[in-house]
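First comes the structure, then the notes that go with it.
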């Protein structure tokens, strides 16, 4: 099986075609069009630091990716707050799971799964045990919890 190689210009052209298509659909009254326009504009912003001109930017895409003086964008700050809340929960309970985070933090599956992956990567929690819980690896002082 052969692989297809894309260059940046191909990707940008494809995203532009998608945005133009969904703008046309929006003009025809498609209720989902705004979602797709925002999604493709977000991808374009993430990859090329620009959106396709001509969009009024009602979702605030440019604001989301705007770099603040401290080097964090608005999404980073929101994610950091969620991560801090999740770490606090794990430290209080001693374990967690995706479903526990969903219920206690009132977030969706994807956000909870990303938080779990991030905490495992950071060494805060371990891999799931047979009950699907993830045990705390660090104590409240920041040191590692012993297995004994």
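The values are calculated or read from the model by the stated rules, or taken from the named source; none is laboratory data. This structure is a prediction, so every number in the text was calculated from the model and none was measured. Here the Cβ is made from the backbone with ideal geometry for all residues, glycine too, and neighbour counts use every protein chain on show.
Residues are listed down the side, and each one gets a yes or a no for (1) surrounded by 12 or more Cβ atoms within 10 Å (Cβ to Cβ); (2) assigned by TED's automatic domain parsing to the domain that holds residue 22; (3) in contact with a helix residue (DSSP H, G or I) (Cβ under 7 Å, 6 or more places away or on another chain); (4) at pLDDT below 85:
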residue	(1), (2), (3), (4)
83	yes, no, yes, no
86	yes, no, yes, no
92	no, no, no, no
97	yes, no, no, no
106	no, no, no, no
109	no, no, yes, no
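Determine the pairs where a residue that is touching a residue at least 40 places away in the same chain (Cβ under 8 Å), located within region 85-103, has a partner that is in a loop (DSSP other than H, G, I, E, B) and buried (at least 19 other Cβ atoms within 10 Å of the Cβ) with Cβ atoms under 7 Å apart, the partner being 6 or more residues away or on another chain.
Going by the 7 Å Cβ cut-off, the qualifying pairs are 90/124.
Search region 1-27 for residues that are in the same structural domain as residue 47 (by TED's automatic domain parsing) and within 15 Å of residue 53 (Cβ to Cβ) and pair each with any residue that is exposed (fewer than 10 other Cβ atoms within 10 Å of the Cβ) and at pLDDT below 85 when their beta-carbon atoms are under 8 Å apart and the residues are at least 6 apart or on different chains.
What qualifies is 23/54.
Across region 123-145, what is the total count of residues that are surrounded by fewer than 14 Cβ atoms within 10 Å (Cβ to Cβ) and modelled with pLDDT under 80?
11
Which of the residues that make up region 1-29 are out of contact with any helix residue (DSSP H, G or I) (no Cβ under 9 Å at 6 or more places or on another chain), more than 14 Å from residue 40 (Cα to Cα) and assigned to a helix (DSSP H, G or I)?
Result: 9, 10.
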